Amino acid sequence: MSSSPIQKVALAGASGLLGTPMLHALLDAGFTVTVLTRHSSTATFPSSVAKVVHVNYEKLEDLTQALQGQDALVSTLTTFSISTQELLIDAAIAAGVKRFLPSEFGSDVSIPALRAMPMYKDKIEIDEYLRSRCAEQGVHMTWTAVYCSCFLDWGIDNKFYLNLQEKKCTLYDGGDFPTATSPTDWVGEAVVGVLRHADETANREVRVSGIDISQREILSIAQEVTGGAEGWTVTEASAQSTYDKSMEVFEKNPSNVWGWVMGMLVQGIFGKGFTRDFGGKTDNELLGLRRVKKEQVREYLERAVRTGKASKTF
Ligand SMILES: NC(=O)c1ccc[n+]([C@@H]2O[C@H](COP(=O)([O-])OP(=O)(O)OC[C@H]3O[C@@H](n4cnc5c(N)ncnc54)[C@H](OP(=O)(O)O)[C@@H]3O)[C@@H](O)[C@H]2O)c1
């Protein structure tokens, strides 16, 4: 791969929570970007996008045609259609795409106990399928799985770290240890780093962290931006018992996704032996990433207080 750097990048799911900042990061970095979007999608894209291709994710020929001439395919497809990527992998191989980044972008699913959680089933199946297809004789596509822990903006907006509106916070396992968190726009920069370091990131997981920060530190900043600690209700819980409760909900009613998903995420992000700060070992330096500063964490929280949404708008 060293002879021909990645220049043409296809992005599937470019209109989503992660896909939108990802698209802007790829365009800002100078890649020639082709967007794959569903026929049914009403999404619109910036004029600097080289091509927008409407596809049927259930048609191999459609996808193969759309991916002709692309060096890399980044998938930010929704959590609710992860399995869709199986055909996308086949199409990318058939079209001669050199690198595939699946829609991972979360906890470190290489951790066996995390891999065993029901919520990761589809991602694990795709991960295994991608690895096995890339290992086939005669297949020249490589893969990179990006683990970035919880998105900071998503975690604020979805009351994962704390509840800004009701001034409530549950600190898990004491809340004093650093955990990795990465804003979605920063994850876009991480993917740019992967594509620019294609040789070093081939056929492996990449771990990145915008900032390692404890939940208690996030709470402290949140209290500052909401006028002080007064009025806040702070409780504590163990990540394990939160997970156990979510498993009970899952076993009774798997379709009640919002009833169990957060408890599993809590364990995956804060639990002892789970993602936390990736053991302090990330690929940030290799990818040339600048750390997110605490002042920037404050900006996300301030924006959430001011506008009701922590995520940047594009
Ligand atoms: N680490 C974290 O904290 C965190 C948080 C949330 C998500 N994630 C992960 O980030 C990745 C992207 O998630 P997201 O929340 O950004 O996705 P999303 O906003 O829900 O959806 C992304 C895009 O997927 C396409 N899409 C939607 N429904 C589809 C369907 N049924 N079939 C095919 N495509 C469909 C749409 O694009 P078009 O309309 O253009 O077709 C949509 O804009 C996932 O792997 C997710 O698990 C991580």
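Take the Cα gyration tensor of the stretch 248-314, multiply each eigenvalue by 5, square-root it, and list the three semi-axes largest first, rounded to whole angstrom.
They are 29, 22, 10 Å, listed largest first.
Counting only alpha carbon atoms, the long axis of helix 257-270 and the longest principal axis of the chain meet at about 80°. For the chain, the alpha carbon convex hull comes to 133 Å³ per residue, rounded to a whole number.
Each of Glu236, Glu285 was scored by other Cβ atoms within 10 Å of its Cβ. Listed from fewest to most, they are Glu285, Glu236. Take the alpha carbon gyration tensor of the stretch 156-314, find the square roots of its eigenvalues, order them as a ≥ b ≥ c, and report rounded if a/c is under 1.5; if not, report prolate when a/b exceeds b/c, else oblate. Because a/c hits 1.5 or more and a/b fails to exceed b/c, the stretch 156-314 counts as oblate.
Ranked for footprinting exposure by Cβ neighbours inside 10 Å, fewest first, Trp154, Trp143 give Trp154, Trp143.
Extension gain, Thr235 to Ala116, is 40.0 nm, computed as 0.36 nm per intervening residue step minus the present C-alpha separation. Consider a paramagnetic label point 7 Å from the Cα of Ser255 along Cα→Cβ; state which residues of the stretch 66-87 have an amide N under 20 Å from it. From the stretch 66-87, the list is 79-83. Placing +1 on the Cβ of every Lys and Arg and -1 on the Cβ of every Asp and Glu, with no other charges, gives the chain a dipole of roughly 380 debye about its Cα centre. With the charge dipole of the stretch 1-139 set up from +1 on Lys and Arg Cβ and -1 on Asp and Glu Cβ about the Cα centre, the Cα lying farthest toward the positive end among the listed residues Ile82, Met22, Val55 is that of Met22. Of the residues Lys98, Lys252, the one with the fewest other Cβ atoms within 10 Å heads the list, and the complete ranking is Lys252, Lys98. Please work out the C-alpha center-to-center distance from the stretch 124-158 to the stretch 195-232 and express it in whole Å. The stretch 124-158 and the stretch 195-232 have Cα centres separated by 20 Å. Give the Rg/Rh ratio for the stretch 39-101, taking Rg as the radius of gyration of the Cα atoms and Rh as the Kirkwood radius, to two decimals. Answer for the stretch 39-101: 0.94.
Projecting label points 7 angstrom from Cα along Cα→Cβ for Lys59 and Arg216 puts them 5.8 nm apart.
Past 21 Å, Cα to Cα, is the threshold; run Lys98/Lys312; Lys245/Lys272; Lys8/Lys98; Lys8/Lys312 against it and keep the listed order. Checking Cα-Cα distances, Lys98/Lys312; Lys8/Lys312 exceed 21 Å.
Once the chain from Thr42 to Met247 is taken as fully extended at 0.36 nm per residue, the excess over their C-alpha distance is 70.2 nm.
Can you find, among Leu162, Ile221, Leu130, the residue sitting farthest towards the positive end of the charge dipole of the stretch 126-238, where Lys and Arg contribute +1 and Asp and Glu -1 at Cβ? Of Leu162, Ile221, Leu130, it is Leu130.
Filter the GluC sites (Glu not before Pro) in the stretch 119-189 to those in DSSP coil with at most 16 other Cβ atoms within 10 Å of their Cβ, and list the result.
Glu136, Glu166
Going by alpha carbons, how many degrees (0 to 90, nearest 10) lie between the helix axis of 184-196 and the longest principal axis of the chain? The helix 184-196 is inclined about 40 degrees to the chain. With R₀ set to 41 Å, the beta-carbon distance separating Glu224 from Arg131 gives a calculated FRET efficiency near 0.35.
Laboratory data are not the source of any read-out in this text; all were calculated from the coordinates shown. All values derive from a computational prediction rather than experimental measurement. With ideal geometry, Cβ positions are generated from the backbone for all residues, glycine too; neighbour counts draw on all protein chains shown.
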